[in-house]
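Note sheet for the following structure.
The values are calculated or read from the model by the stated rules, or taken from the named source; none is laboratory data. Computed from a predicted structure; not experimentally measured. Quick reminder, even Gly has a Cβ in these numbers, built from the backbone with ideal geometry, and neighbours come from all protein chains shown. When the accessible area is computed, the model is the full protein with side chains, heavy atoms only, and any ligands, DNA or RNA have been set aside. Shrake-Rupley method; radii C 1.70, N 1.55, O 1.52, S 1.80 Å.
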Amino acid sequence: MAPIPGSGLAKGLAVTLRTMTKKTVTEQYPDAQPDLPPRTRGVIGLFEENCTVCMLCARECPDWCIYIDSHKETVPAAAPGGRERSRNVLDRFAIDFSLCMYCGICIEVCPFDALFWSPEFEYAETDIRDLTHERDKLREWMWTVPAPPALDPGAEEPKEIVTARKTAEKLAAAARAERAPSDDPQGEES
């Protein structure tokens, strides 16, 4: 049987009409922000107060895209007769996102929780040289880091919290026991 002339065109138009009448599922990105999963890897945020300039993040980075500069300052003795201490002060912390492969090794090896994943993903630049972001920009991204997920309600409470609670209860009971005799209106026992 020979095909009817124009049947292919009719089928194509039917598909087009069916598609035009369906609701679209495409989100118009600039107007509607996407709902990102909780563990989205956007950019790396820096919590500068926790950084001790240990350089672990820069040494472990497989791409060598983290640049850190620091200097030492002398801290006076805390008590008379004590000795002065020295500490590292962060001068520069920069990440070149044109080199970064978003592996997260720097975040994992940071012993002081100074680096975090931020879900921010809108940091495009017109020049590749502008993708090296300094610590002020990394600090801005730190405030977009979501709070950690809540603990599982069925999980056991951490031992540290249990111990701290028991100690606090003992101290409160001892304080109540000390106050109880002094609350006696007669003042002395007979």
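I want to make sure I understand the PRE zone here: with the label point 7 angstrom from the Cα of residue 103 toward its beta carbon, which residues in region 56-87 have backbone N atoms less than 15 Å away? Answer for this model: 56-66.
In whole percent, what relative contact order does region 56-155 give with Cα contacts below 8 Å and a gap of six or more residues?
26 percent
Over the chain, accessible surface divided per residue gives 79 Å², non-protein components excluded, 1.4 Å probe. Cross-link partners of residue 22 among lysines, defined as those whose alpha carbon lies under 18 angstrom from its own and excluding same-chain residues fewer than eight positions apart: 11.
Charges were assigned to the Cβ only: +1 to each Lys and Arg, -1 to each Asp and Glu. The resulting dipole of region 1-129 about its Cα centre is roughly 620 debye. Remark: relative contact order (the chain) = 23 percent; criterion is Cα-Cα distance under 8 angstrom and separation of 6 or more residues. The heavy atoms of residue 123 present about 40 square angstrom of accessible area, all protein chains included, probe 1.4 Å. The simple spin-label model puts a point 7 Å past each Cα toward its Cβ; for residue 177 and residue 7 those points are separated by 9.7 nm. Going by a ≥ b ≥ c, the root eigenvalues of the Cα gyration tensor, does region 61-131 fall in the rounded group (a/c under 1.5), the prolate group (a/b larger than b/c) or the oblate group? Verdict is prolate for region 61-131.
Axis of helix 159-182 versus longest Cα principal axis of the chain: the two differ by about 40°, to the nearest ten degrees. Here the chain has 57 percent of its accessible surface on carbon and sulfur atoms, given a 1.4 Å probe and all protein chains in place. Comparing Cα centroids, region 93-127 and region 50-87 end up 20 angstrom apart.
For the peptides 89-96, 150-157, 139-146, 68-75, the ranking by packing is 89-96, 139-146, 68-75, 150-157, with the highest mean count of neighbouring Cβ atoms within 10 Å listed first. Using every Cα-Cα pair within region 89-190, state what percent have a distance larger than 18 Å. Of all Cα-Cα distances in region 89-190, 70 percent exceed 18 Å.
Over the chain, DSSP H runs of length four or greater, each weighted -39,500 (n - 2.57), average out per residue to a 222 nm ellipticity of -9000 deg cm²/dmol. Other residues whose C-beta falls under 13 angstrom from the C-beta of residue 66 contribute a net charge of -2, scoring Lys and Arg +1 and Asp and Glu -1.
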